[in-house]
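A short write-up of the structure that comes next.
The values are calculated or read from the model by the stated rules, or taken from the named source; none is laboratory data. Just so it is clear, the structure is predicted and the values come from calculations on it, not from any experiment. Cβ placement follows ideal geometry from the backbone for every residue including glycine, while neighbour counts extend to all protein chains displayed. Ligands, DNA and RNA are stripped out before the accessible areas are found, and what is left, the full protein with its side chains, is counted by its heavy atoms. Shrake-Rupley method; radii C 1.70, N 1.55, O 1.52, S 1.80 Å.
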Amino acid sequence: MVAMPRRFLFVTICLVATVSFLVGLIVAGSTMPTPAQSAPPARTTLRATATATTGPLTNSFADIAAQLNPAVVNIDATTRDGSRTRRRLDMMLPDSPDGFGRPSERDREGPRRGAGTGFIIDEAGYILTNHHVIETADRINVRLSDGRTLRAERIGSDPDTDIALIKVTSPRPLPHAPLGDSDALRVGEWVLAIGNPLAYEHTVTVGVVSFIGRKLFDSSLDRYIQTDAAINFGNSGGPLINARGEVIGINAAISSRASNIGFAVPINQASAILPQLREKGRVSRGYIGVALRDVDADLQRSLGLKASGGALVQDVTTGSPGARAGLRPYDVIVAVDGKPVLRNDELIQDVSSRQPGTLATLQVLRDGRSLNVPVKLAERPLRERQVPRDETRPSSNPGPALGLSVREIDPEFAQRFNLPKGLEGVIVSRVDPLSPAFDADIERGHVLLEINRQPVRSIEDYRRLTAHARSGEVLALYLYKPEITRRELHTVKVE
């Protein structure tokens, strides 16, 4: 009577254990993870960048790099003397500290070599690059992606836009890069840069378009594309490429104050002058000879102008086409040959695109009256100082002594701030916070005339007069302040 319950209990326990085991297997099987599978590659990013354009997109940046890398070349520009062959990229921007890439004292008189980038634009071997890459070169060698090195011929260049055209001869057709439409770019689009930074050939970097139309060197012609794609020394002349695999810019400059601010010349600006570079080796532009500014709300209100837009004439160059046509200060140019002008750069670009000798009719508002002024265009003169761009607006190193940087006086600054005629000095381009110069109330835009009664006519003078300043020494800086049109003496204690 006792054994039966025990046997029944044992059987019951076995049955419960078996059922629990089976239930456990079922539950475990239902909760086991499914085998891992690779997700299909997402391509929404590249598709999104094409909303402003038409046509198929390349699948990825890797495909774009593989497609265009063969068209990118390394440029070796050699000059016999010690002058530099690089500017803009290799000097950064006007606010950059100097010294990078300068020849040392022992080799200053010997041959100098500058490295840059370019890209082939057709099978015949025409190559676009920057003017500053080959500006002073006596010999130009081009190394192709297949390892061949070919001697290049200078076809033409345009210093005002920093564009140059060279050519190599090859027994077989060369790979070339398709040119896109830089006017179709939008801020935020993906772009890719290829170049030879620091001699690392065919380096590929990726970023976005940060801004379109930056003014850096020449406010009348500059329309730079700003990008955060990494651009470094040696990228000069390399292509900036959109997500469709088309060149939309020529990398030309970087900021000295950040590692992610680079600039490229719009490819449409290069395409517009290619015929002249091929035929004449140089670019001729129309020219009126007037200094202009935009008409804004404050100017309209203060002068009682009827026009809310247009280009106001500030000054007329003596003997220029504008002077011969009778243009005067305070004239407002609102149209050219019937085409409205809203800003002064629109007028300059329109006139610059015309050939010298052609006739343009300007619609002008003068003292409330509208009149048509015919102007026969002359050829736009080259910049007054035809030197490498890194010497056009170089800057001294702020350094620990005074805490300020200076640069040469240029015509644009002199005109903008109405400097007295014949004023000689250097412009204060930067003042470090909490520096001796800062404590002495020296500000950016002041013109440094003398240090301890010694004239400062150039950056070299500034370096020479401050190079041996000792800690604790007091320097007397004689300054001209454009904002008050007055000279003042400031003392600075060297740290």
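Taking 0.36 nm per residue of separation and subtracting the Cα-Cα distance, full extension of the segment from Leu371 to Asn418 would add 14.0 nm. Summed over the residues of the stretch 209-255 and divided among them, the accessible surface reaches 22 Å² per residue at a probe radius of 1.4 Å.
Taken per residue, the accessible surface of the stretch 453-495 reaches 66 Å², heavy atoms only and a 1.4 Å probe.
A cut-off under 11 angstrom between Cβ atoms defines the neighbours of Thr161, and their net charge, with Lys, Arg +1 and Asp, Glu -1, is -3.
Electrostatic tally near Ala291: other residues with Cβ closer than 10 Å to its Cβ, Lys and Arg +1, Asp and Glu -1, net 0. Here the stretch 217-274 yields Rg over Rh of 0.96, to two decimals, using C-alpha coordinates and the Kirkwood radius. Say the cut-off is 28 Å between C-alpha atoms; which of Lys215/Lys481; Lys421/Lys493; Lys306/Lys339; Lys339/Lys376; Lys215/Lys421; Lys306/Lys421 go over it? As for pairs spanning more than 28 Å Cα to Cα, those are Lys421/Lys493; Lys306/Lys421.
Computed over the alpha carbons of the stretch 247-305, Rg followed by Dmax gives 18.4, 48 Å. The mean of 1/r over all distinct Cα pairs in the stretch 227-361, once inverted, gives the Kirkwood hydrodynamic radius of 17.7 Å. Couplings 3J(HN,Hα) for the stretch 311-320, derived from phi with the Karplus relation 6.51 cos²θ - 1.76 cosθ + 1.60 (θ = phi - 60°), are 10, 8, 7, 8, 8, 10, 5, 4, x, 7 Hz, where x marks Gly and Pro. The simple spin-label model puts a point 7 Å past each Cα toward its Cβ; for Leu303 and Thr491 those points are separated by 4.6 nm.
What's the extension gain from Glu483 to Ala323 if we count 0.36 nm per residue and subtract their Cα-Cα distance? Can you show the working numbers first?
On the way: separation 160, 0.36 × 160 = 57.60 nm, distance 2.94 nm.
The Glu483-Ala323 span can extend by a further 54.7 nm.
For a straight C-alpha distance cut-off of 23 angstrom, the lysines reachable from Lys167 (same-chain residues fewer than eight places away being disregarded) are Lys280.
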